[in-house]
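Contents: one structure, followed by commentary.
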Amino acid sequence: MGESDAEVVQQQVWSRETVPKVMKIISTRLRLPQRDLISLLLVSSSLHRTLVSIASLWLVLDFHEMNNAGDRLLAALALVCSNSNSFSSNSFIFIVTVRVCCLPRGYHYEAMSTKQSLGFQSIEVLLNLYKIQIVVLFFVSQKRYHHVKQINLEFAQDIEDKHLDILKNKFAGSLKHLEHLNLNVCQKISDKGIEAITAATSSLKIFSIYWNVRVTDVGISHLVKNCKHIVELNLSGCKGISDKSLQMVGDNYECLELLDITRCIKITDGGLQHIMTKCSGLKSLNLYALSSFTDEAYKKLSLLGNLRFLDLCGAQNLSDEGVFSIAKCKNIRTLSLTWCVRVTDVGVIAIAKGCTSLEYLSLFGIVGVTDKSLEVLSEFCSNTITTLDVNGCIGIKKRSREELLQLFPYLRVFKVHS
């Protein structure tokens, strides 16, 4: 065997054996983005086989901010089918744009060779001097996304109720292990869509449907009926839900750890009180931009002994009396009292003495607090606070960066609101 032949053999061994082994080690230790994984499948047939064989790589479907997200999701889940001849090739289109400088030698040859070794129905490689676009229409015999645990459709375009209905009817088997579903700003989804997707995802633990004005108490009723293991729930901006939703959530999710009801303006003291009574294990509670609650509701915050995050920005009715209850939450790390205009030194001093693990505190816009608050905060929390916003607190005179650092030596962030 000549020297050139030996080099060819060595290169083949490197390409078919060494590279896949290295990628297997890397990919199982680093969480590669889904788009990068898809691109790597096209590098060589050996690498393709290696990556597809690693089940842990195919637990996430991420279509956030993508167009045609509904169709893409259905196409991806259809890849779990082992019969490559049972579908039309038009259903599966992956378009990948690659920079010219990243194109490996012999790429065209590799791509064409995979057609036979991987059983692709068709592969077309279009090369352009200024842009390289690889259009791949394929089916693979190996199962992917068969046990998907997370689906991210945040800000995805063209995801509708009909797509979620198809998921329930055709791909329920692939969703039985789903734990995390993000439908944030998918504003075409309604209660009907919630009914469909929750019927197929009984293992769901994290559900987020931020800024959806079409979802109502009816949608939440389907959620609590079908998904019994929810621990994180984001309903921020869902203006159609009311106290009825919080009553259902409280009655069904006593182990709830995170709740975000930002700008859910129909919720009253009664709904909030019910949640805090029933879900005493809450670690994170976001009540941003909810100005109608009163101290009667805030007093129930003392029940949340595990609370670490609390956002009360804009709580205009919160007084020092309500703050006394917050001070009983000894584990709070992050607290926003931005624009809580009725709070005074009395309340902040209670926080300082009660919440000695505080790391983040915003007092932005509160005119009733003075330097006395900072002095007591420094006495009890100087070793923990790293973020402190006292901008707009006209009663505090010593609030320059240098003066604050003298009180809080570990302070790194001085402004959280613009």
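Below are the figures for this structure:
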read-out	value
Accessible-area composition of the stretch 304-418, carbon plus sulfur, in percent [1.4 Å probe]	50
Mean Cβ count within 10 Å, highest first, over the residues of peptides 53-62, 328-337	328-337, 53-62
Listed peptides 147-155, 358-366 by packing density, highest first (mean Cβ within 10 Å)	358-366, 147-155
Spin-label pair Lys415/Gln157, simplified geometry with 7 Å Cα→Cβ offset, distance in nm	3.5
Accessible surface, per residue, of the stretch 201-351 when the full set of protein chains is kept, probe 1.4 Å, Å²	37
Extension reserve of the Lys244-Asn67 stretch, reckoned as 0.36 nm per residue once the Cα distance is removed	60.3 nm
Burial ranking of peptide ranges 370-377, 344-351, 288-295 (average Cβ count within 10 Å, highest at the top)	344-351, 370-377, 288-295
Percent carbon-and-sulfur accessible area, the stretch 157-269, ignoring ligands, DNA and RNA, probe 1.4 Å	47
Relative contact order (percent, whole number), the stretch 277-415, Cα cutoff 8 Å, 6+ residue spacing	18
For the stretch 259-343: rounded, prolate or oblate by the Cα gyration tensor [a/c cutoff 1.5]	rounded
Neighbourhood charge, 12 Å Cβ-Cβ cut-off, centred on Gln157 and excluding it, Lys, Arg +1 and Asp, Glu -1	-3
Cα-based shape type of the stretch 203-311, given that a ≥ b ≥ c are square roots of the gyration tensor eigenvalues and the cut on a/c is 1.5	oblate
Rounded if a/c under 1.5, otherwise prolate or oblate - the stretch 143-259, Cα gyration tensor axes	oblate
20 Å Cα-Cα reach of Lys168 towards lysines, excluding residues that sit fewer than 8 places from it in its own chain	Lys143, Lys149, Lys176, Lys188, Lys192, Lys205, Lys225, Lys228
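The values are calculated or read from the model by the stated rules, or taken from the named source; none is laboratory data. Owing to the predicted nature of the structure, the values given are computational and were not obtained by experimental measurement. Every residue, glycine among them, receives a Cβ derived from its backbone with ideal geometry; neighbour counts consider all protein chains shown. In case anyone asks, the SASA skips ligands and DNA or RNA and just uses the protein heavy atoms, side chains included. Shrake-Rupley method; radii C 1.70, N 1.55, O 1.52, S 1.80 Å.
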